[in-house]
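The next block holds one structure in the form of structure tokens; read it before the comments.
Derivation of every value follows stated rules applied to the coordinates shown; laboratory data play no part. Everything numeric here is computed off the predicted structure, so don't read it as measured data. Glycine also receives a Cβ, built like all others from the backbone with ideal geometry; neighbour counts cover every protein chain displayed.
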Amino acid sequence: MIGIRCNGSSPLPALTIYRASPRGFCAGVDRAIQIVELALAKYGPPVYVRHEIVHNRYVVETLKAKGAIFVEELDEIPDTAAPVIFSAHGVPKSVPVTAAGRRLFYLDATCPLVSKVHLEAERHHATGREVLLIGHAGHPEVIGTTGQLPEGAVHLIQTVEDAKAFVPSDPDRLAYTTQTTLSVDDTSDIVGVLKARFPAMVGPRKDDICYATTNRQDAVKRIAPHCQRLIVVGSPNSSNSVRLVEVAQRAGCPRSMLVQCAAEIEWEAFAGISQLGITAGASAPEVLVDEIIDAFRARFEARVETVTTAAENVAFKLPRALREMPAL
């Protein structure tokens with residue numbers, strides 16, 4: 001039950017913090033981080049990681065301290081027997097082909113829900129359909145999905161305007177997939193336009209936007225109307241975190257913002273508030289949420305109320321080479 005309280009005799013101003021649940025790590029992110037940690041434990045440092053394993057600076061710096069070396073491309077990696085790990089966002093088909101050609105030992109940390117999108121795109125292409133990908137240009141997940149098919153075989157649709165302007169080769173031979181970390185509402189609008197224009201277009205058997213993205217957006221929609229400010233803990237290059245800010249703003253808290261850690265908080269923006277919302281993107285660890293709540297507790301008489309909209313119990317298998325490892 002979301003409510004309001006007063007501060008009684010405390011010298012600090014009263015603050016209710018509505019903590020959204022679910023928040024933070026999803027199963028795909030948790031698996032990817034485990035893959036790096038278990039590889040370090042089993043093979044020792046260094047372990048090379050192509051691209052940020054997940055889009056969070058704290059996670060990346062923590063893994064660097066343990067011996068992970070992050071690169072953007074395989075040509076930055078010397079000839080080595082050390083493991084090479086592909087990030088949770090997925091990679092074009094050319095990447096494992098290049099790794100195999102160099103005899104690199106690689107482990108694929110691609111989220112299984114992203115792999116599902118890859119398989120859908122391949123299946124549609126194999127049946128002769130033009131493939132539309134709803135997503136954001138330049139995002140690693142989009143680059144990875146596009147790279148499953150020959151160059152030019154995937155058409156990127158970023159906006160409703162793109163959906164209105166797209167001209168297919170054959171309107172009866174279309175299929176669409178989506179990036180897994182999009183705004184549910186924005187994507188629904190785009191799909192609605194495409195389906196109205198191309199009734200024969202086929203889509204995924206199950207929504208491509210992952211369960212974690214949907215759950216975190218639903219939780220934010222629940223708390224946003226009750227908040228004067230809302231913090232999304234996450235990195236600027238995290239698509240799902242940026243989408244959470246947008247969702248919160250539209251759902252009733254215009255002054256929602258992305259914060260990476262407590263040190264980034266501009267405290268003047270929170271003067272005089274009595275209700276704050278907090279959540280975390282799917283790649284943001286809970287330690288950062290706790291750190292920010294502690295920072296507010298130092299300045300407010302704060303009470304934390306967890307608002308839960310869904311339960312999550314999803315887990316994904318580790319790569320075979322790491323399954324025999326004891327849990328860390």
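Of the residues Arg50, Arg205, Arg197, which exhibits the maximal mean-square fluctuation in a Gaussian network model of the chain defined by a 10 Å Cα contact cut-off?
So, out of Arg50, Arg205, Arg197, the one fluctuating most is Arg205.
What spacing in nm lies between the two simple spin-label points modelled at Thr308 and Asn237, each 7 Å away from Cα in the Cβ direction?
With each label point 7 Å from Cα toward Cβ, the separation is 3.5 nm.
Would you mind listing how long the range 205-328 runs along its three principal axes, going by Cα atoms, in whole Å with the largest first?
Principal-axis extents of the range 205-328 (Cα, largest first): 53, 36, 27 Å.
If you count, for each residue, the other Cβ atoms within 10 Å and average over each peptide, how do 68-79, 132-143 line up from highest to lowest?
Details: 68-79: 13.4, 132-143: 19.8.
So the order, starting with the most tightly packed, is 132-143, 68-79.
How large is log10 I(q)/I(0) at q = 0.13, 0.17 Å⁻¹ when the Debye formula is applied to the Cα atoms of the range 27-111, each weighted equally and without solvent?
For the range 27-111 at q = 0.13, 0.17 Å⁻¹, log10 I(q)/I(0) is -0.34, -0.59.
Highest mean first, how do 89-99, 220-230, 297-307, 28-38 rank when packing is the count of other Cβ atoms within 10 Å averaged over residues?
28-38, 220-230, 89-99, 297-307
If I build a Gaussian network model for the chain, linking alpha-carbon pairs within less than 10 angstrom, which residue out of Ala27, Ala82, Ala65 has the largest mean-square fluctuation?
Between Ala27, Ala82, Ala65, it is Ala65 that shows the largest mean-square fluctuation.
Among the listed pairs Lys42/Lys206; Lys116/Lys195; Lys42/Lys93; Lys66/Lys206; Lys116/Lys164, which have their C-alpha atoms separated by more than 30 angstrom in this model?
Lys42/Lys206; Lys66/Lys206, as the Cα separations exceed 30 Å there.
Cα gyration tensor of the range 1-152, axes a ≥ b ≥ c as square roots of the eigenvalues: rounded (a/c below 1.5), prolate (a/b > b/c) or oblate?
oblate
Using a ≥ b ≥ c from the Cα gyration tensor of the range 112-197 (square roots of the eigenvalues), is it rounded, prolate or oblate, where a/c under 1.5 gives rounded and otherwise the larger of a/b and b/c decides, a/b for prolate?
Values: a/c = 1.61, a/b = 1.08, b/c = 1.49.
It comes out oblate by the Cα gyration axes.
Jot down the per residue volume, in cubic angstrom and as a whole number, of the convex hull over the alpha-carbon atoms of the chain. Let's see the in-between values first.
Values: hull volume 48.5 nm³, N = 328.
In the chain, the Cα hull volume divided by residue count equals 148 Å³.
What ranking do Tyr106, Tyr58 get, fewest neighbouring Cβ atoms within 10 angstrom at the top? Before the final figure, lay out each step's value.
On the way: Tyr106 20, Tyr58 17.
With the sparsest Cβ surroundings first, the list reads Tyr58, Tyr106.
From the Cα gyration tensor of the range 147-270, with a ≥ b ≥ c the square roots of its eigenvalues, which class applies: rounded if a/c is under 1.5, or else prolate if a/b is larger than b/c, or else oblate?
Here the range 147-270 falls in the prolate category.
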